[in-house]
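The values are calculated or read from the model by the stated rules, or taken from the named source; none is laboratory data. Since the structure is predicted, the reported quantities are computational estimates derived from the model, not experimental observations. Cβ sites come from the backbone with ideal geometry, for glycine too, and all protein chains shown count toward neighbours. The protein model used for the area step is the full one, side chains on, heavy atoms only, and it has no ligands, DNA or RNA in it. Shrake-Rupley method; radii C 1.70, N 1.55, O 1.52, S 1.80 Å.
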Amino acid sequence: MTSMLPRTEVATLDVRTIRADFPVLSRKTASGKTVVYLDNAATSQKPRQVLDAMRTVYEEHNANIHRGVYEFSERTTAAFEGARERVARFINAPEPREVIFVRNATEGVNLVAYAWGRDNIKSGDRIVTSVLEHHSNFVPWQQLAAETGATIAVVGIDEDGRLDRDQLRAELRKGAKLLALTHTSNGLGTINPVREIVAEAKASGATVLVDAAQSVPHLPVDVADIGCDFLVFSGHKMLAPPGSGVVWGRASLLLKMRPFLYGGDMISRVAIDTTTWNELPWKFEAGTSAYVDAIGLGAAVDYLQGVGLEAIHRHELALTGYLLPKLLATDGVVVYGPKDLADRVGVVSFNIEGIHPHDVATIFDSEGVCVRAGHHCNQPLMNRLGTAATTRASFYLYNTFEECDALIAAIGTAKRVFKI
Amino acid sequence: MDDMYRDYILDHYKNPRNFGELDGATHTYHDTNPLCGDEITMFLLVDDHDTVKDVRFTGRGCAISQASASILTEEVKGKSLEELRTIDREHVLQNLGITVSPARVKCALLSLKALKGSAWGLTEWPGEQSTGTGTA
Ligand SMILES: Cc1ncc(COP(=O)(O)O)c(C=O)c1O
C-alpha cells in the first residue's frame, strides 16, 4: 500500500500477508505483466491453506466417505462432516444436517426447484423474483412456472440499481408462494436488505429462497437472522474449489421434501419395489459427493473467519470507495449501480463510451488486468439498464489500491487504442 | 493483443462499409452472440443468376464483430452464391489480418455465420470453433 492513500483506508486488512497465501497472485501473464485479478464475482483465487487441506486428503487418507469401516474412510468422512459443521457455524445454521453439499449455487437452486418446487408450486401460484437475479436464480423458476402453470412476477429496480421495495410489497400482497431473491447483485453490487424483506415475505405467507452466491463470500451472513427458508451459495467464489456448493434449508422443510437425485448414499433401505430415504442431509447427497472439494470449503471457511468477514467487507468497500470517484471522474465512463457506498459490495459495473466491453476487457488483458465483460448471466438486468453488456470489476480480500490504479490506467490505454 | 486493434480494424468499426438495411433484399439473416450481445443482420440482394448484386449489414457490438462484418461485405458483392460457399472460418480470420484471441473468435465469425445463414440457412454453418472457449 502506498503512502498516497487516505489513512482511513490503509489499515483495514494486512493485504500483503494475505496475498502471500495466494500463489497465483504472484504469477505473470505471458506478456510479463503482473496479474491484476479483478474478476472475483466470477470466481475467487485459492489460498495455500485450502490447497493444502485438499492435498492432505489425497496424500494422507483418501477413501470414499460413509462407506468404509477402515481408518482412512473414517478419517475422510470425519473431515467431510467436519466441513459441514464449519459451514453450518459460518452461516449460523441451527443444525449441521441442514447444510447440503452440492456442486454450486446453480445446483442448489435447482435442488429446491425440484425437490420443493414440484410439490409445492401449483397452477395459478405466484413466484416473485427480481430483475437483479443471476440466471441461476431465474431460469429454474421460469421453467417451474411454465411446467406447473404458475406465474412469475419480476420486481424492478430504481436508477441506482436498488430493489423497488414498494413493488415488492405490492407483489407480496397479491399473494406469493415463493420469493426467490438474491442477497447481493453480481451485476451491480447492490445489497438487498434481505432481513426486512424476508420478514415481509414470511408475513405474507411466502417461502423464501435467498441466493447468497455473492454475499456469503464477502459479508457476515446469518441464516437465522435473515429468517429465510433456503439459502444457496458456491464455494468457488469464497476461496474454495469449484465443485463445492451449499444449500441450506430449514430442517422442517427438508424433512418433508422428496429427494432431488436418486441412487447410492441417499437411501436408507432398498427393496425391489420400494426405497426409504436416508436421513438429512444425505437424502440430498446422492452418489459420491465431491468430498475433497467440500473439505476444501471447510478450510476456506476457516481462512475467511480467521481474517474476519466484517474486515473483508470493510476492505472491499474501501477499495470501492477509492475506485468509484475515479471512475465517475473519468470522461466517457458510465457507472451502473449504486454510486455511493451504502448497502453495496465491491462489484463495480461500467462502460466506456464508444468501446464495447469485450474490447475493453481484451485491452485490459494486455495490461494484465482481468475483468469480466458481458451480461454476467444477468440478461434481464442488462435489458433494464439499456445495455447489452458491461465491464465489471469485482474485489476480494487480496485486492489493493494499486490494482484500482492499474484499472484506471488501463481505461486510459483503451481510450488511446480507440483514439477516444 | 494490441495488435487486434490495428488502425484499419478501428476504421471499419467506426466507419463500417455497406452499413444499413437493404431495401428489396432477397435474403436476410439475423444472429447474435449472446455472450457479449453482438448482433449482426445480413441483407443480400441476389439476382436470377444467383449473383450477389448488393449486400448490407446492420449490427452493434464489439470492434471485432463489426469490423469483421464490414470487411466481409466488401468481399461478397458480385460473387455468386456458389463462390460464397468457399468463404470459411479460416478465410475470414485471415482476411481480418489480425490474431484474434481464442475468446474473441466467436465475435470475429458472427458475420460469417449471418452470411451463411442468409444464403442457405444454418445448414452450411459448422460452428465457430472446434473447441469450446465461450462460457457464460
Ligand atoms: C448471484 C449469483 N447467483 C448464482 C450464481 C451461480 O453460481 P455458480 O455458477 O457457481 O452456480 C452466481 C455466479 O456467478 C451469482 O453471481
In the list A:PRO96, A:PRO140, which residue meets the criterion of being open to solvent by 50 Å² or more (accessible area, probe 1.4 Å), at negative phi and out of contact with any strand residue (DSSP E or B) (no Cβ under 6 Å at 6 or more places or on another chain)? A:PRO96
Out of the residues in region A:256-278 that are charged (D, E, K, R) and in a loop (DSSP other than H, G, I, E, B), which is least open to solvent (accessible area, probe 1.4 Å)? A:ASP265
Taking region A:371-381 and keeping only residues that are within 10 Å of chain B (Cβ to nearest Cβ) and farther than 17 Å from A:SER136 by Cβ, one is left with A:ALA373
Enumerated helices (runs of 4 or more DSSP H) restricted to region B:1-102, each holding at least 1 residues that are touching a Ser or Thr at 6+ places or on another chain (Cβ under 7 Å): B:7-14, B:63-76, B:89-96
Complete set of residues in region A:320-355 that are open to solvent by 10 Å² or more (accessible area, probe 1.4 Å) and among the polar types (S, T, N, Q): A:THR330, A:ASN351
Which listed residue, of B:THR86, B:THR73, is touching a Lys or Arg at 6+ places or on another chain (Cβ under 7 Å) and either hydroxyl-bearing (Ser, Thr, Tyr) or loosely packed, with under 15 Cβ neighbours inside 10 Å (or both): B:THR73
Would a scan of region B:8-15 turn up a residue that is modelled with pLDDT of 95 or more, touching a strand residue (DSSP E or B) at 6+ places or on another chain (Cβ under 6 Å) and not β-branched (Val, Ile, Thr)? no
Counting only residues that are more than 14 Å from chain A (Cβ to nearest Cβ) and under 13 Å from B:SER111 (Cβ atoms), region B:54-84 contains a total of 12
Inside region A:391-401, can you point out the residues that are farther than 14 Å from A:CYS370 by Cα and outside any loop (DSSP other than H, G, I, E, B)? A:PHE401
Selection from region A:196-218 of residues that are closer than 26 Å to A:LYS174 by Cα, within 16 Å of the ligand (Cβ to nearest atom) and β-branched (Val, Ile, Thr): A:ILE197, A:VAL208, A:VAL210
Looking only at region B:1-47, count how many residues are within 13 Å of another protein chain (Cβ to nearest Cβ) and among the acidic types (Asp, Glu). 6
Within the bounds of region A:80-87, is there any residue that is under 18 Å from the mean Cα position of the chain (by Cα), within 16 Å of the ligand (Cβ to nearest atom) and open to solvent by less than 10 Å² (accessible area, probe 1.4 Å)? yes
Hits in region B:110-136 (condition: modelled with pLDDT of 70 or more and more than 14 Å from every other protein chain (Cβ to nearest Cβ)): B:SER111, B:LEU112, B:LYS113, B:ALA114, B:LEU115, B:LYS116, B:GLY117, B:SER118, B:ALA119, B:TRP120, B:GLY121
Residues of region A:342-370 satisfying the condition of being within 14 Å of the ligand (Cβ to nearest atom) and either outside the structural domain of A:THR29 (by TED's automatic domain parsing) or not in a strand (DSSP E or B) (or both): A:VAL345, A:GLY346
Looking at region A:382-403 only, could you name the residues that are of a type in the set (Val, Ile, Thr) and either in contact with a helix residue (DSSP H, G or I) (Cβ under 8 Å, 6 or more places away or on another chain) or away from chain B (no Cβ under 14 Å) (or both)? A:THR390, A:THR391, A:THR400
Restricting attention to region A:229-260, report how many residues are within 16 Å of the ligand (Cβ to nearest atom) and either in contact with a strand residue (DSSP E or B) (Cβ under 9 Å, 6 or more places away or on another chain) or at negative phi (or both). 18
Somewhere in region A:152-164, is a residue without any contact (Cβ under 8 Å) to a residue 60 or more places away in the chain and closer than 23 Å to A:ASP222 by Cα? yes
Looking at region A:356-385 only, could you name the residues that are in contact (Cβ under 8 Å) with a residue 40 or more places away in the chain, among the aliphatic types (A, V, I, L, M) and open to solvent by 10 Å² or more (accessible area, probe 1.4 Å)? A:VAL371, A:LEU385
In region A:196-225, what residues are within 16 Å of the chain's Cα centre (by Cα) and surrounded by fewer than 22 Cβ atoms within 10 Å (Cβ to Cβ)? A:LEU219, A:PRO220, A:ASP222
Hey, which of the helices (runs of 4 or more DSSP H) in region A:92-174, taking only ones fully inside, have at least 3 residues that are over 28 Å from A:SER44 (Cβ atoms) and away from the ligand (no atom under 16 Å from the Cβ)? A:139-148, A:165-173
Yes or no: A:THR413 polar (S, T, N, Q), part of a helix (DSSP H, G or I), more than 16 Å from the ligand (Cβ to nearest atom) and facing another protein chain (nearest Cβ under 10 Å)? yes
